[in-house]
1. Points 7 angstrom from Cα along the Cβ direction at Arg346 and Met301: gap in nanometres?
2. Please give the length that would be gained between Thr163 and Ser134 if that part of the chain were fully extended, namely 0.36 nm times their separation in residues minus their C-alpha to C-alpha distance (nm, one decimal).
3. Run through the DSSP bridge list for the chain and note the antiparallel percent, rounded to the nearest 5.
4. With unit charges on the beta carbon (Lys/Arg positive, Asp/Glu negative), name the residue among Ala223, Asn276, Gly342 whose Cα is farthest towards the positive pole of the charge dipole of the stretch 210-361.
5. Going by Cα centres, the stretch 3-68 and the stretch 140-187 are how many Å apart?
6. Give the value in nm², to one decimal: projected area of the alpha carbon convex hull of the chain, averaged over all directions.
7. What FRET efficiency do you get for Gln148 and Ser92 if R0 is 22 Å and r is their Cβ-Cβ distance, rounded to the nearest 0.05?
8. Excluding ligands, DNA and RNA, what is the solvent-accessible area per residue of the chain at a probe of 1.4 Å, expressed in Å²?
Amino acid sequence: MGYVKAVVGTQYGDEGKGKIVDQLAKDADYVVRFQGGNNAGHTIVIDGEEHILHFIPAGIFQGKTCVIGNGAVLDLDKLKEEVIGLEQRGVSVLENLLISENAHLILPSHVEESKTDKIGGTGRGIAPAYTSKSNKTGLRVRDIINVQCPIDQVDLDARPNLTLFRDYLLKHSYLMPNIVNVAKMLNFEIDMEKNILIEGAQATGLDIDHGEYPFVTSSNCSAGGICTGTGIGPTRITDIIGVAKAYVTRVDRDGSGPLVTQLDGWHGEFIRKQGNEYGATTKRPRRVGWFDAVLTRHSAMINDLDELIITKLDILDGLDELKICTAYELDGEIIYDYPSDGIVLRQCSPVYETMPGWKGSVKGIRSSRDLPIEAVRYVKRIEDLVNVPITMVTNGRDRKDYIIFD
Ligand code: IMO
Ligand code: MG
C-alpha cells in the first residue's frame, strides 16, 4: 500500500514545513501543494546553502515530481522567476513539475489591488485572486491553452479577462507540457500504490474558516483543503502530520492580528535573534510568543492530527525558564476552547505554566536519549497538552538537524 501523507502548519505559518517536507519526500513519489500562493516562503538549508521556495513544493530538491493542485493560486511571472532561479542552481524544475489546469491565476491587477489591502496581507495578490475565483471572473491555468485556439465571441464577452490578459497568457505558453488533470493523475497513482506527500502552506491559525478571521489568509490551509485543493477524496488520506515551532511567531503588516502569548521585552528579542525570525517572503520582523497549547490543540482537532513535529527547539537554548500557554482568560473567565475569531482573541490573555529551561545547547544532538532532561520534559508536556504523539524534533537549520522522538 502506498500512502497519502500530509504536512500542515498548526500555528501561523513559518513552522518549518518546508524542511519537514524535504525530509519526508525521500520515500515519496509525488509532492503536492493544495492551496495558497507565493505568500508562502519555505526555507530549506542544504549543506549551508539556503533555498527559499514560494510556489514549488519542497520535494524538488529530492528530484521528486512536484505537483501544484487546483486549490493553489499562481502568479505566472513570479513562478517563472522561481523556476529560473532554481534551474540556475542546477535544480531540475520543469521536467519535475505538474500544474493543475484548474488552478487560478494571480493576475498583475490582483497584485496591484492587494497593495491597498485593509487587512495586512503579503501584498502578493492572494486575497484578490481568491476573490476572483469565488466571483467567477478568474482566469485559470487552462486558459493558457484556451487562448491558443480561436474562442467564440460569446465566451469572450462573458470573460473579458481572457481578452485583457491574452498576451500575458501567451507569454507563459512554455508551461503547456506541464499542465495536467491533477485530480485524475493523483487518483490513478494512488490506485497504483504510489506514495503521495501533501505540502501545506500557511497554517490553521490563518485558515479562512478555522483561523483568526479576519486576520487570516484566503484559503483553507488545514487538512480539509486537501480534498478540494487536489481532488483526492477524504478517505484516501492516510496520515496527517502537524508542524509546530517550540514557540510561536506571527507576521502581519501592522501587528494587528491576535497573538495571545506575544513577548515584547527581552525574551521576544532573544528568540527573534536566535531564531532569525524575519519573514522569508516579506523580510518583516516576526512577532514572537511562548508556545500556545490552546491554538495547537485546536489545530490538532481541526486537522485530526496523527503526529506532531516540534521545530526549532534549539532556539530556546539558554533560557532559564520557559512558559507554555495552557488556557486563555477572557472577561475574568478561564477558557480552554480556542475562539476562531480575531476580535475575541485580541481580548484574551494567556494562562501560563512555567517550566525550567536547559543548560547548554541541543544543537548537534542526533538522538532523543542525548537531550537534556528539561528539553525532553518540555516536549513531553506539549505532547500531553495537545494530546498528539510528538514523533520528531528539529534542532538546527540544516536538513540533517532533526531528532526522531521516541
Ligand atoms: P508559510 O507557507 C506566515 C500571513 C500574512 C498576513 C496574512 C494574510 O511560509 O507558512 P495573505 O497575503 O495570505 O492574504 O496574508 O497571512 N501569511 C503568512 N505568515 N507564513 C506564511 O506562509 C504566510 N502566508 C500568509 O503575513 O498576515
Ligand atoms: Mg514561511
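The values are calculated or read from the model by the stated rules, or taken from the named source; none is laboratory data. These numbers were taken from a predicted model, which means no experiment stands behind them. Neighbour counts are summed over all protein chains in view; Cβ atoms, including those assigned to glycine, are modelled from backbone coordinates with ideal geometry. When the accessible area is computed, the model is the full protein with side chains, heavy atoms only, and any ligands, DNA or RNA have been set aside. Shrake-Rupley method; radii C 1.70, N 1.55, O 1.52, S 1.80 Å.
1. Result for the modelled spin labels: 2.4 nm.
2. Working: separation 29, 0.36 × 29 = 10.44 nm, distance 2.00 nm.
Extra length from Thr163 to Ser134 when fully extended: 8.4 nm.
3. Values: 25 of 61 bridges.
Approximately 40 percent, going by the DSSP bridge assignments.
4. Of the options given, the answer is Asn276.
5. 27
6. So the mean shadow area of the Cα hull is 19.7 nm².
7. Numbers: r = 26 Å, r/R0 = 1.17.
Efficiency, from the Cβ-Cβ distance: 0.30.
8. Values: 16750 Å² over 406 residues.
Result: 41 Å² per residue.
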